[in-house]
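Trainee: To start, I am sharing the structure in question, which I have written as structure tokens.
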Amino acid sequence: MTTDLRTDEPPTARDDSFLALADGTPVIVHPVRREDRAEVAAFTQRLSLDSIELRYSAPMRAEAVIREILGDGRPEERLSLLMETLEEVPRVVGTAEYVRYAREPRRAEVAFLVADEFQGRTAGTLLLYDLARRARSVGIRWFSAIVMAENGAMCDVFRHSGFPSRSVREGPTLRIDLDIGEAVGARPDPDPTRIEAIGPTAVPAG
Ligand SMILES: CC(C)(COP(=O)(O)OP(=O)(O)OC[C@H]1O[C@@H](n2cnc3c(N)ncnc32)[C@H](O)[C@@H]1OP(=O)(O)O)[C@@H](O)C(=O)NCCC(=O)NCCS
């Protein structure tokens, strides 16, 4: 199934997005499944300690990273996405996750982790848009992220996303809030492989 990231149709049981990085590399994005364990394990082996620490704010063993990525939850509360290449032996490009706030159900905390060799190739940006599309469809309006203040790549992804954002310094970290907009209906003229066509799809704030 091909998904248009500019629409906000409710997720289906098997909701795959076929996309392309800006350099043309084709990728698939889908909710993580139990059977992805081997690919996720190989992904954790390829991650640098720096990337793991930036994502989890602490050093973590590979097994713990795998558990975090595969973690459980209904998509209304928690969703973990996997981006993979379409090679014969697929490689995990990256992951993205939202966890809905229990006390503020229209807000979710988000985090991203892209394999070192794929960083800077637009995977993080595509994951943000796809995660936002899926989150809007279950009624989430705001994303929040806690990011190390020196994490320029993550800050750039948010800043350049087109979503209205606000950031507040909290010691060594930044709390970044994004308005991902309200869900909107399907739109004509889909072209999901063109990254420049994939916008934030946010209904203007305010
Ligand atoms: C942060 C992260 C998810 C961003 O994903 P990504 O795929 O590298 O991001 P993109 O390729 O979409 O790049 C987004 C922007 O960041 C910049 N950028 C990305 N990687 C960069 C790097 N290593 N150094 C400098 N700038 C970088 C890009 O130039 C781009 O800027 P642009 O919008 O002006 O083009 C990824 O780098 C990562 O996994 N880092 C380690 C884990 C982490 O920090 N997680 C965040 C915790 S919430």
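Read-outs throughout are calculated quantities, based only on the coordinates presented, and are distinct from any laboratory measurement. Here the structure is a predicted model, which is why all the values come from computation and not from measurement. For neighbour counting, all protein chains shown are included, and Cβ atoms are generated from backbone atoms with ideal geometry for every residue, glycine included.
Trainee: Could you estimate the translational diffusion coefficient of the range 17-197 from the Stokes-Einstein equation, with Rh from the Kirkwood formula over C-alpha pairs, at 37 °C and 0.692 mPa s, in whole µm²/s?
Mentor: Rounded to a whole number, D works out at 197 µm²/s.
Trainee: Based on the mean of other Cβ atoms within 10 Å per residue, sort peptides 101-109, 124-132, 175-183 so the most packed one is first. The partial results should precede the final answer.
Mentor: Details: 101-109: 13.4, 124-132: 24.3, 175-183: 19.3.
Descending mean neighbour count gives 124-132, 175-183, 101-109.
Trainee: Multiplying the sequence separation of Tyr101 and Thr173 by 0.36 nm and subtracting their Cα-Cα distance, what value in nm do you get?
Mentor: 24.0 nm
Trainee: Quick one: compute the contact order of the range 123-174, relative version, from alpha carbon pairs under 8 angstrom and 6+ residues apart, as a percent.
Mentor: Numbers: 23 pairs, mean separation 21.1, N = 52.
Reported relative contact order: 41 percent.
Trainee: By counting other Cβ atoms within 10 Å of each Cβ, how are Val168, Val157 ranked from fewest to most?
Mentor: Val168, Val157
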